[in-house]
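The values are calculated or read from the model by the stated rules, or taken from the named source; none is laboratory data. Because the structure is a prediction, the values reported are computed rather than measured. Heads up, the Cβs are rebuilt from the backbone with ideal geometry, glycines too, and the neighbour counts pull from every protein chain shown. Just so you know, the surface numbers come from the protein's heavy atoms only, side chains and all, with ligands and any DNA or RNA stripped out. Shrake-Rupley method; radii C 1.70, N 1.55, O 1.52, S 1.80 Å.
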Amino acid sequence: MTDLKVAIAGAGGRMGAANLRTVLTTPGMVLVAAFDRPGSPAIGKDAGELAGLEPMGVTLGDDPAEALALADAVLDFTAPAASVALANLAASLGKTHIIGTTGCSAEDDAAIAAAGQAGARIVKAGNFSLGINLLLGLVKKAAAELPGFDIEILEMHHNRKVDAPSGTALMLGQAAADGRKVKLADKAVTVRDGHTGPREAGSIGFATLRGGNVIGDHKVILAGPSERIELGHIADNRALFAEGAARAALWAAGQKPGLYSMADVLGLS
Ligand code: NAD
């Protein structure tokens, strides 16, 4: 089998660097292009050097169409508007699009799903780690088995993160809502401030912490009348997400166009 040709969007970013390192060291894939937004200071740099490795002759550009023309798949951890535009491009070219970007609106998600219908093979996940995807199943089960317990989701990330609650916290909330057979949008409480009154029964609360270099800590607390269960996950290294994204790209190569989740990739769905 020939190697999967991979392009990396947002290659000048934190996840971009992790994706570069992973693609350059994963058997079965080869880096053919890397790009960032026009004006990014990373444009013109060598991808190998950005990854902290030897120069490898792929220079960062700013043209997604040029990059996708060379590639079978693009790994994209950028920003919502960029991911929607890239999904449309991937659909028109029949490419695989792995989306790790978080903070997408319902409209963004609908546009991405439409791109899956229109010819792109898309895997979108708010978290590409195996551990979190296993945790989602545990949270769903616990929420279903403990209907009277209050569910609170606590997350902490580094001080440069721009969206809240994190995509992973929202996925954990969705898993809890699925376990309770309710709509997350009806039950989520993402902000508490001032005189809030007592906690509404059945609500799913979120608390967001930001600081330092924390890569991603998540805890789901199920609080009953006289005991608490805490289910948690700590990400020690961004390579974790990049390895999941690479695995998703290799898996998607054999799939029909459509929108898939990490649970599909891992056979957990
Ligand atoms: P970052 O700010 O370090 O990197 C983002 C990069 O995208 C930057 O280099 C930026 O210039 C680039 N970019 C923005 N618009 C672009 C465009 N139109 N075209 C090309 N490049 C563009 O951020 P980060 O920490 O690497 O995180 C990126 C995203 O990935 C965030 O949404 C974050 O929440 C998410 N994330 C997801 C997972 C996961 O497992 N799904 C894990 C970690 C981070």
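Does V123 satisfy the condition of being more than 9 Å from the ligand (Cβ to nearest atom), touching a Lys or Arg at 6+ places or on another chain (Cβ under 8 Å) and open to solvent by less than 50 Å² (accessible area, probe 1.4 Å)?
no
The rows are residues; the columns are (1) open to solvent by 40 Å² or more (accessible area, probe 1.4 Å); (2) assigned to a strand (DSSP E or B); (3) among the aromatic types (F, W, Y).
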{"residue": "I221", "(1), (2), (3)": "no, yes, no"}
{"residue": "S226", "(1), (2), (3)": "yes, no, no"}
{"residue": "E230", "(1), (2), (3)": "yes, yes, no"}
{"residue": "D236", "(1), (2), (3)": "yes, no, no"}
{"residue": "A246", "(1), (2), (3)": "no, no, no"}
{"residue": "L250", "(1), (2), (3)": "yes, no, no"}
{"residue": "Q255", "(1), (2), (3)": "yes, no, no"}
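Sort through A242, A263 and tell me the only one that's in contact with a strand residue (DSSP E or B) (Cβ under 9 Å, 6 or more places away or on another chain) and within 16 Å of the ligand (Cβ to nearest atom).
On inspection, the qualifying residue turns out to be A242.
Within segment 31-52, track down each residue that is modelled with pLDDT of 95 or more and open to solvent by 60 Å² or more (accessible area, probe 1.4 Å).
Hits for segment 31-52 are R37, P38, G39, P41, K45.
Does G57 satisfy being at positive phi and more than 8 Å from the ligand (Cβ to nearest atom)?
yes
Quick test of your reading of the structure: A177 fulfils all but one of (1) touching a helix residue (DSSP H, G or I) at 6+ places or on another chain (Cβ under 6 Å); (2) under 14 Å from I221 (Cβ atoms); (3) away from the ligand (no atom under 16 Å from the Cβ). Name the failing condition by number.
(2)
So which of A169, A143 ends up being more than 29 Å from N213 (Cα to Cα) and either at pLDDT 95 or above or in a helix (DSSP H, G or I) (or both)?
A143
Working only within segment 62-72, note down all residues that are within 15 Å of the ligand (Cβ to nearest atom) and either open to solvent by less than 10 Å² (accessible area, probe 1.4 Å) or out of contact with any Asp or Glu (no Cβ under 8 Å at 6 or more places or on another chain) (or both).
Across segment 62-72, the qualifying residues are D63, P64, A65, E66, A67, L68, A71.
Only residues in segment 42-64 that are free of Cβ contacts under 8 Å to residues at least 60 places away in the same chain and assigned to a loop (DSSP other than H, G, I, E, B) count as the first member; pair them with residues that are away from the ligand (no atom under 16 Å from the Cβ) and small (G, A, S), Cβ under 9 angstrom, at least 6 apart or cross-chain, and list the lot.
E54/G48; P55/G48; M56/G48; G57/G48; V58/G48
M156 passes all but one of (1) touching a residue at least 40 places away in the same chain (Cβ under 8 Å); (2) outside any loop (DSSP other than H, G, I, E, B); (3) away from the ligand (no atom under 16 Å from the Cβ); (4) open to solvent by 10 Å² or more (accessible area, probe 1.4 Å); which number fails?
Every listed condition holds for M156 apart from (3).
Sort out which residues of segment 159-174 are in contact with a Leu (Cβ under 9 Å, 6 or more places away or on another chain) and open to solvent by 20 Å² or more (accessible area, probe 1.4 Å), and write them in order of number.
L170, M171, Q174 - these are the residues of segment 159-174 that are in contact with a Leu (Cβ under 9 Å, 6 or more places away or on another chain) and open to solvent by 20 Å² or more (accessible area, probe 1.4 Å).
Filter segment 89-119 down to the residues that are assigned to a helix (DSSP H, G or I), out of contact with any strand residue (DSSP E or B) (no Cβ under 7 Å at 6 or more places or on another chain) and buried (at least 21 other Cβ atoms within 10 Å of the Cβ) and list them by number.
A91
Of the residues A17, A34, which single one is under 21 Å from the mean Cα position of the chain (by Cα), part of a helix (DSSP H, G or I) and of a type in the set (G, A, S)?
Just a single option satisfies the conditions, and that option is A17.
Could you go through segment 189-201 and let me know if any residue there is open to solvent by less than 50 Å² (accessible area, probe 1.4 Å) and part of a helix (DSSP H, G or I).
no
Regarding segment 73-85, can at least one residue be identified that is modelled with pLDDT under 95 and open to solvent by 10 Å² or more (accessible area, probe 1.4 Å)?
For segment 73-85, residues modelled with pLDDT under 95 and open to solvent by 10 Å² or more (accessible area, probe 1.4 Å): absent.
Provide a single number: the residues in segment 202-219 that are open to solvent by less than 30 Å² (accessible area, probe 1.4 Å), small (G, A, S) and within 16 Å of the ligand (Cβ to nearest atom).
Qualifying residue count, segment 202-219: 2.
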